[in-house]
Amino acid sequence: MVGLGHKPGSPMKIIIRSLIALFLALGILLVWLLWPTSTPAIVDANGATISGSIAEEEWVEVNGLPQWTLTRGRDRDNPVLLVLHGGPGAGEFAWFRAYNSDLEDEFVVVHWDQRGAGKSFDPDTPAETMNLPQIIADIDVVVDHLRTKFARERIAILGHSWGSLLGTTYVAAHPDKVSGYIGTGQISDMAANETYSYAFALAEAERRENAGAIAELTEIGAPPYGVDETIVQRGWLTEFGGGLTRDGRSQLSLAWTALSTPEFNLLDLINLVRSALFSMDHLWDQIGDINLDQTYLSFEVPVFFALGRYDHQTPSELAEAYFNRLTAPDKELFYFENSAHAPPWEEPERFFDVMVNDVKPRLLPDR
């Protein structure tokens with residue numbers, strides 16, 4: 001005889017089964033999210049590793065701190081492309097892997113999580129080393145490491161957002177080590193960028209009659225301001241299609257995309273948030289007065305800008321004005337008509353086409 005509360009199909013039994021299924025599902029999800037990361041080999045149609053390819057994670061000793069790199073390429077003889085991520089402190093390799101893995105067919109793509117960022121994050125990183133000159137010096141160590149590792153005289157550098165500030169500064173100082181520079185989400189004048197971004201966000205809030213946005217943006221006021229106020233402004237900027245992505249992709253959506261890549265898990269996501277706040281706290285006040293379009297106007301290597309038409313975070317109008325003023329042996333500006341601040345993720349097919357057909361043939365010889 002079946003006791004009371006345990007009849008087949010009874011509410012109690014249904015609840016118990018549901019709870020068991022829920023806990024099993026949560027357990028499976030947690031195991032997946034925390035599963036050790038690795039980067040898969042680059043294989044042919046039969047699943048065999050392609051001869052001459054490279055797919056490896058490597059810790060490089062950089063000015064006293066071990067820092068993480070990911071290197072992937074179908075052919076080690078292709079041009080080496082070092083990606084300088086945004087932020088400060090916002091490692092982006094997972095999104096480049098998710099949206100731009102095809103670049104690995106044409107370049108040896110190297111992602112490096114900078115001092116205090118992403119997988120390189122260490123809360124004990126000495127505060128006094130979190131400064132722009134130190135990170136530029138770190139770039140030089142990474143570049144020399146790659147030049148030695150791949151027997152190259154020069155490598156190409158791609159900088160996104162904060163990475164474009166780093167890239168522009170580094171390329172101007174070390175042209176002999178660089179085959180070409182590509183800036184996307186390109187910074188020009190930090191103070192002008194922030195003033196423009198705030199004005200756009202507030203105007204959009206008013207145009208849309210978004211009372212919450214108007215209240216928050218009015219409360220923080222016009223820049224300059226600190227990290228907390230910047231986060232508020234960036235949130236509304238992205239919501240209105242002028243920030244990270246034109247479609248206003250949510251942080252949850254972007255996080256899920258990152259978690260879909262084999263090199264990134266939940267612990268990495270947690271550390272990414274921690275490292276972004278850590279880096280912003282140390283670096284943001286140091287860069288507010290940087291004005292690249294007054295400082296770095298002459299380059300000895302090809303320069304390419306890939307700008308989102310709707311980028312109001314590092315406004316494309318200001319970046320274009322900077323591009324028009326700079327001199328280089330070869331230069332070209334490419335507009336991405338359906339992008340805001342992140343053309344590589346918003347229009348990945350066009351970004352690949354520009355990188356392969358317009359940029360790659362015009363890089364300086366690297367041997």
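Some notes on this structure:
- For the range 238-260, a residue qualifies if it is assigned to a loop (DSSP other than H, G, I, E, B), closer than 15 Å to residue 308 by Cα and more than 15 Å from the chain's Cα centre (by Cα), and the qualifying residues are 240, 241, 242, 246, 247, 248.
- The test for being within 15 Å of residue 191 (Cα to Cα), in contact (Cβ under 8 Å) with a residue 40 or more places away in the chain and either assigned to a helix (DSSP H, G or I) or out of contact with any Ser or Thr (no Cβ under 9 Å at 6 or more places or on another chain) (or both) does not hold for residue 268.
- Summed over the range 80-123, the residues that are in a loop (DSSP other than H, G, I, E, B), acidic (Asp, Glu) and surrounded by fewer than 24 Cβ atoms within 10 Å (Cβ to Cβ) give a count of 2.
- Number of the exception - residue 176 against (1) under 30 Å from residue 71 (Cβ atoms); (2) of a type outside the set (Phe, Trp, Tyr); (3) surrounded by 16 or more Cβ atoms within 10 Å (Cβ to Cβ): (3)
- No other residue among 39, 69 is touching a residue at least 60 places away in the same chain (Cβ under 8 Å) and either among the charged types (D, E, K, R) or under 18 Å from residue 147 (Cβ atoms) (or both) apart from 69.
- Among the residues listed as 185, 116, the single one being touching a residue at least 12 places away in the same chain (Cβ under 8 Å) and more than 23 Å from residue 270 (Cβ to Cβ): 185
- Matching residues, the range 156-191, being over 22 Å from the mean Cα position of the chain (by Cα) and assigned to a loop (DSSP other than H, G, I, E, B): 174
- In a residue-by-residue description of the range 195-202, the property of being surrounded by fewer than 18 Cβ atoms within 10 Å (Cβ to Cβ) and either modelled with pLDDT under 95 or under 23 Å from the mean Cα position of the chain (by Cα) (or both) applies to at least one position.
- Screening residue 194 on (1) in a loop (DSSP other than H, G, I, E, B); (2) over 26 Å from residue 76 (Cα atoms) shows it passes everything except condition (1).
- Matching option when the condition is in contact (Cβ under 8 Å) with a residue 12 or more places away in the chain, more than 15 Å from residue 278 (Cβ to Cβ) and not in a helix (DSSP H, G or I), among 144, 138, 77: 77
- Any chance residue 328 is more than 20 Å from the chain's Cα centre (by Cα) and of a type in the set (A, V, I, L, M): yes
- Screening 302, 348, 344 for residues that are touching a strand residue (DSSP E or B) at 6+ places or on another chain (Cβ under 7 Å) and within 30 Å of residue 36 (Cβ to Cβ) leaves exactly one candidate, 344.
- Evaluation of residue 232 against (1) assigned to a helix (DSSP H, G or I); (2) modelled with pLDDT under 90 (one fails), failing number: (2)
- Test: residue in the range 17-25 that is closer than 27 Å to residue 254 by Cβ and either under 20 Å from the mean Cα position of the chain (by Cα) or modelled with pLDDT of 95 or more (or both): no
- Qualifying positions in the range 146-160 - among the small types (Gly, Ala, Ser) and surrounded by fewer than 21 Cβ atoms within 10 Å (Cβ to Cβ): 151
- Residue-level analysis places residue 172 among those that are of a type in the set (A, V, I, L, M) and modelled with pLDDT of 95 or more.
- Qualifying residue in the range 55-69 (condition: at negative phi, of a type outside the set (Val, Ile, Thr), out of contact with any Leu (no Cβ under 6 Å at 6 or more places or on another chain) and in a loop (DSSP other than H, G, I, E, B)): no
The values are calculated or read from the model by the stated rules, or taken from the named source; none is laboratory data. Since the model is a prediction, treat every value here as computed from it, not as a measurement. Counting neighbours? That spans all protein chains shown, and the Cβs are built from the backbone with ideal geometry, glycine included.
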